[in-house]
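Below: the structure, in structure tokens.
The values are calculated or read from the model by the stated rules, or taken from the named source; none is laboratory data. Everything numeric in this text was worked out from a predicted model, so none of it was measured. Don't worry about glycine lacking a Cβ; one is built from the backbone with ideal geometry, like all the others, and counts go over all protein chains shown. When the accessible area is computed, the model is the full protein with side chains, heavy atoms only, and any ligands, DNA or RNA have been set aside. Shrake-Rupley method; radii C 1.70, N 1.55, O 1.52, S 1.80 Å.
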Amino acid sequence: MLDIKITKAAALKQKPDESKLGFGMIFTDHMFLMDYTPAQGWHEPRVVPYAPFQLDPACVVFHYAQELFEGLKAYRTAGNTIQLFRPDCNGQRMFDSCDRMCIPPIPVEDFVQAVKTLVEVEKDWVPHIEGSSLYIRPFIIATDVGMGVHASKNYTFCIICSPSGAYYPEGIDPVRIYVEDEYIRAAPGLTGAAKCGGNYAASVKAGELAEKKGFAQVLWLDGVEKKY
């Protein structure tokens, strides 16, 4: 079990208009941080005021994209309680993604504890309007400094939160999907099963083309024959 230290922000932000949240544009007062070094492993779990990182321009994450992330939500119920939806599954996927990206894994129970602790600190940020939620973004970045192509030895695990409305402007209504038959998202032996940023960067081209044609999202085909 993590011994999480909590340092509250001296001044809190004004809460946003919940009818105009958008998605992933507004961020709460605090974030969770934990560091990894070979000597100490994952250590110093803490909730601190939300703030920018200071990173060396030669950090491995900038040049070789050794990183990964998750995404889950906290919901306010009609009874004014706050619930998460299967955070252990997100923790397991992050654990599995770590293996693929050569990142020291975070135990699932530690992941869940970190998420719950931050949500408890930020519970006033969970929106009340139906269809809205507190979006939770855990991520890990490689922080070694150097240009050699190899796994980093040092890492930072961070969780940030963003009160958000519907991801699509259409809300829960059907959205138009573009079937992409040129570019691929995943192929055998690659990183399609890992939730790493490189997979998303590779998808942007098709997403932009789909948007220009009036579609909201892309349906990806298989990476071998491009027809399944």
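Things to note:
- Helix runs (DSSP H) in the chain reaching 18 Å along axis by Cα, Kyte-Doolittle at least 0.5: 108-121
- Net charge over other residues, Cβ less than 15 angstrom from the Cβ of K8 (K, R count +1; D, E count -1): 0
- Whole-number D in µm² s⁻¹ for the chain, Kirkwood Cα-pair radius fed into Stokes-Einstein, 37 °C, 0.692 mPa s: 170
- Surface analysis of the chain yields an accessible area of 57 Å² per residue, using protein heavy atoms and a 1.4 Å probe.
- For the stretch 9-84, Kirkwood radius (reciprocal of mean inverse C-alpha pair distance, Å): 16.2
- Considering only G192, V149, V126, the residue lying farthest towards the positive end of the dipole of the stretch 74-212 is V149, judged by Cα position with unit charges set on Cβ.
- Only lysines eight or more places from K212 in sequence, or on another chain, were considered; those with a Cα closer than 27 Å are K20, K195, K226, K227.
- Computed [θ] at 222 nm, helices only, for the chain once each DSSP H run of length n ≥ 4 contributes -39500 (n - 2.57): -6500 deg cm²/dmol
- In the chain, excluding the sites themselves, the longest stretch lacking any of the trypsin sites (Lys or Arg not before Pro) that are in a DSSP loop with at most 10 other Cβ atoms within 10 Å is 1-212.
- Highest-MSF residue in the chain out of P127, P188, P107 [GNM, Cα springs under 10 Å]: P188
- Taking other residues whose beta carbon is less than 15 angstrom from the beta carbon of H30, and scoring Lys, Arg as +1 and Asp, Glu as -1, yields +4.
- Cut-off 14 Å between beta-carbons: net charge of the residues surrounding A186, Lys and Arg +1, Asp and Glu -1: +1
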